[in-house]
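The values are calculated or read from the model by the stated rules, or taken from the named source; none is laboratory data. Since the structure is predicted, the reported quantities are computational estimates derived from the model, not experimental observations. Virtual Cβ from ideal backbone geometry, glycine too; neighbours counted across all protein chains shown. Remember, those area values only see protein heavy atoms, side chains included, never the ligands or the DNA or RNA. Shrake-Rupley method; radii C 1.70, N 1.55, O 1.52, S 1.80 Å.
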Amino acid sequence: MKNVIFIAPPAAGKGTLSDFLKEKYQYEHISTGDLIRDKIKQNDEEGQSLAKTIQAGHLVDDNMVFHLLEEKLSKIKQNKNFILDGIPRTLQQAMKLDIILRDLDFSDYIVIDVDVEENILKKRVTGRRICSNCKSAYNIYFEKFKPQQENLCDKCGHELEMRSDDNEETFKVRYETFKKNNEQIIEYYQNQGKLYVLDNSQEDQTNILNKLDRIVGAKVD
Ligand code: AMP
């Protein structure tokens, strides 16, 4: 199995795709957004400043993102596959990430460009609820992704919460930033022959997960 980097707009459903790879192939899921949110929970000065950046929908400073990421990657064992979710968000990050992955001997990866239409993304963002404990994701606007009991996690029973940046206003900023940078990132990985495209617009995930399965096994037609 190869390591996987997901490139996707906000709320493209990377969490669900990652859960599938975690369960089926024991991938480790590394989300830079989660690393930043964990740092914010420390509630020190740095954390408070990060909270403001996230709330505004802006990108966090590269030094901070890479510091958190390198710390996390250094704990990953060589025989464990991982998914990177949330990075790179700029061409500069893509190039820096390559250097870090090479230095850590993690160069064997593929990049999956997860495509979803904008109007679906908006609905996914505003309906998204996350478990405060195990971070499982739900969506109150899609039958298949609703929790069985209102506002409680199916897996661990803890309360669900809304991310502070999951509102229409912040989504607009995040989506515009994504569109601005995405073309260059895609081209960068296309030129390296590492890029696969996965359309994740459908609510029924069976075909999508089958295709993902084929991509990570690199048996795509
Ligand atoms: P996400 O959970 O991936 O949607 O990320 C939530 C927020 O965390 C983003 O809107 C950014 O403010 C910040 N963030 C996450 N990953 C990065 C990154 N690679 N570079 C800069 N900021 C990031």
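Would it be correct to say that Ala11 is within 11 Å of the chain's Cα centre (by Cα) and not in a strand (DSSP E or B)? So Ala11 passes the test.
Going by what's in this entry, would Ile87 be described as in contact with a Phe, Trp or Tyr (Cβ under 6 Å, 6 or more places away or on another chain), over 30 Å from Glu150 (Cβ atoms) and surrounded by 14 or more Cβ atoms within 10 Å (Cβ to Cβ)?
no
Taken together, the criteria exclude Asp38 from residues that are within 22 Å of Glu176 (Cα to Cα), within 14 Å of the ligand (Cβ to nearest atom), assigned to a helix (DSSP H, G or I) and open to solvent by 30 Å² or more (accessible area, probe 1.4 Å).
If you check Glu150, Glu176, Glu161 for being farther than 22 Å from Asp113 by Cα and exposed (fewer than 12 other Cβ atoms within 10 Å of the Cβ), only one passes: Glu150.
Out of segment 164-173, which residues are open to solvent by 30 Å² or more (accessible area, probe 1.4 Å) and at pLDDT 90 or above? Don't jump to the end; show me each part of the working.
Looking only at segment 164-173, we keep the residues that are open to solvent by 30 Å² or more (accessible area, probe 1.4 Å), and these are 164, 167-169, 172-173.
Matches in segment 164-173: Asn167, Glu168, Glu169, Lys172, Val173.
Selection over segment 73-97 of residues that are modelled with pLDDT of 95 or more, farther than 19 Å from Ala8 by Cβ and not hydrophobic (A, V, I, L, M, F, W, C) gives a count of 1. Leu73 meets each of the listed conditions (1) in contact with a strand residue (DSSP E or B) (Cβ under 8 Å, 6 or more places away or on another chain); (2) within 21 Å of Ile215 (Cα to Cα) apart from (2).
For residues that are of a type outside the set (S, T, N, Q) and touching a strand residue (DSSP E or B) at 6+ places or on another chain (Cβ under 9 Å), scanning just segment 189-203, find the one that is surrounded by the fewest Cβ atoms within 10 Å (Cβ to Cβ). Break it down into steps so the answer makes sense when it comes.
So the first thing to find is which residues in segment 189-203 are of a type outside the set (S, T, N, Q), and the list is 189, 193-199, 203.
Remaining after also requiring touching a strand residue (DSSP E or B) at 6+ places or on another chain (Cβ under 9 Å): 189, 194-199.
Details: Tyr189: 21, Lys194: 15, Leu195: 18, Tyr196: 18, Val197: 15, Leu198: 20, Asp199: 13.
Once the filter is applied, the top-ranked residue is Asp199.
Residues in segment 119-141 that are of a type in the set (D, E, K, R) and over 19 Å from Ser18 (Cβ atoms) were compared, and the one that is least open to solvent (accessible area, probe 1.4 Å) is Lys122.
Which residues, counting only those in segment 47-75, are open to solvent by 60 Å² or more (accessible area, probe 1.4 Å), within 21 Å of Thr170 (Cα to Cα) and in a helix (DSSP H, G or I)? Lay out the reasoning, then the answer.
Filtering segment 47-75 down to residues open to solvent by 60 Å² or more (accessible area, probe 1.4 Å) leaves 48-49, 52, 55, 58-59, 61, 63, 67, 70-72, 74-75.
Then drop every residue that is not within 21 Å of Thr170 (Cα to Cα), which leaves 48-49, 52, 55, 58-59, 61.
If the condition is that a residue be open to solvent by 60 Å² or more (accessible area, probe 1.4 Å), within 21 Å of Thr170 (Cα to Cα) and in a helix (DSSP H, G or I), then Gln48, Ser49, Lys52, Gln55 are the ones that fit.
Which one is most open to solvent (accessible area, probe 1.4 Å), of the residues in segment 8-35 that are of a type in the set (Asp, Glu) and more than 12 Å from the ligand (Cβ to nearest atom)? Lay out the reasoning, then the answer.
Applying the first criterion (of a type in the set (Asp, Glu)) to segment 8-35 yields 19, 23, 28, 34.
Filter again for more than 12 Å from the ligand (Cβ to nearest atom), leaving 19, 23, 28.
Working: Asp19: 46, Glu23: 139, Glu28: 57 Å².
Looking at residues that are of a type in the set (Asp, Glu) and more than 12 Å from the ligand (Cβ to nearest atom), I get Glu23.
Out of Asn182, Asn200, Asn167, which single residue is without any contact (Cβ under 8 Å) to a residue 60 or more places away in the chain and among the polar types (S, T, N, Q)? Step through it out loud before you land on a result.
Working: Asn182 fails: without any contact (Cβ under 8 Å) to a residue 60 or more places away in the chain; Asn200 fails: without any contact (Cβ under 8 Å) to a residue 60 or more places away in the chain.
Testing whether each residue is without any contact (Cβ under 8 Å) to a residue 60 or more places away in the chain and among the polar types (S, T, N, Q) leaves just Asn167.
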